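Worksheet: the structure to be examined is printed underneath.
The values are calculated or read from the model by the stated rules, or taken from the named source; none is laboratory data. Remember, predicted model here, so these are calculated numbers, not experimental data. Reconstructed Cβ throughout: ideal geometry from the backbone, glycine too, with neighbour counts over all protein chains shown. Surface accessibility is based on the protein's heavy atoms, side chains included, excluding ligands, DNA and RNA. Shrake-Rupley method; radii C 1.70, N 1.55, O 1.52, S 1.80 Å.
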Amino acid sequence: MNYNIKAFIKFGSERNILDLYTNGTVFLNTIQYFRDIEDGELRGDKYEGVSEIINSLPGTFKIKESEQEFRFEKVHLRKSFKEILGNIYSLYAISDKGFRNYQDFKIDERLNGFGSHCLVIDPKSFINRMEKILHNLGYSYNHGFVDYYDKEKICREVSLFEKPFEFEYQKEFRFYVENEKIEPVKIQIGSLENCAELFSTKDIFTLQLKPKELI
């Protein structure tokens, strides 16, 4: 299903946001970085790169050498490789996927934690620039919305474009870039001054949508 993206918002420090605005500097950190960082479920996500989640109901089991039956409570397991290759770049998406009705639109104030400044970016221009530069540099990549799941209920494989429901407030649209090395990727996509507006984060929470802007 195709969704209408009204705008991207990128949050960060004043220095990094100005660098993005003026120079088009895009810093794609490693999946491993986001898995390992501990910041109270802001950028850090220990489920990042998980390949499968298993939730079992309470039950019983027997040891082969014994007739005794043992009970166990619900089991929660996550499968993943020890190290995850690849890099991601995340943006907040104002879209009809995250907000089905303009009256529901509200930016969660937890996003204050991402930094003091932000850019409101034209999505078409940004995607086109990213695709062009990544292609020219020879990277394999993908991009799209992140879907959210209840990690205590699902029992299936998960993709790099899925995250636990705790992160749903971030309304994430992400770029994933294949990389054989566990190291950040830094690219330049050109100044965004003609397709973005600069704000302090505290001011962005007053942003409002007009009727039909998400249609």
If you keep only loop residues by DSSP, which GluC sites (Glu not before Pro) in segment 131-161 have at most 15 other Cβ atoms within 10 Å of their Cβ?
Glu152
Once both label points are put 7 Å beyond Cα along the C-beta direction, the Glu180-Ile154 separation in nm becomes 3.0
At a probe size of 1.4 Å, how large is the accessible area of Tyr148, to the nearest 10 Å²?
50
How much length would be gained if the chain were fully extended between Lys106 and Leu85, taking 0.36 nm per residue of separation minus their Cα-Cα distance, in nm to one decimal?
4.1 nm
Is there a quick way to get the dipole size of segment 90-215? I mean about its Cα centre, with the Cβ of Lys and Arg at +1 and of Asp and Glu at -1; what is the value in debye to the nearest 20?
180
What dipole magnitude, in Debye to the nearest 20, does the chain give about its Cα centre under +1 on Lys/Arg Cβ and -1 on Asp/Glu Cβ?
360
If unit charges are put on Cβ atoms (+1 for Lys and Arg, -1 for Asp and Glu) and the dipole of the chain is taken about its Cα centre, the option from Ile37, Pro164, Ile5 lying farthest towards the positive end turns out to be Ile5
Of Lys46, Lys124, Lys151, Lys97, which has the most accessible area with a 1.4 Å probe, and how do the rest follow in descending order?
Lys124, Lys46, Lys97, Lys151
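Averaged per residue, what accessible area in Å² does the chain show with a 1.4 Å probe, protein chains only?
For the chain, the solvent-accessible area averages 59 Å² per residue.
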Please report, in debye to the nearest 20, how large the charge dipole of segment 69-140 is about its Cα centre when each Lys and Arg carries +1 at its beta carbon and each Asp and Glu carries -1 there.
180
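Whenever you get a sec, compute what percent of the accessible area on segment 92-140 sits on carbon and sulfur atoms (1.4 Å probe).
For segment 92-140, the apolar C and S fraction of the accessible surface comes to 43 percent.
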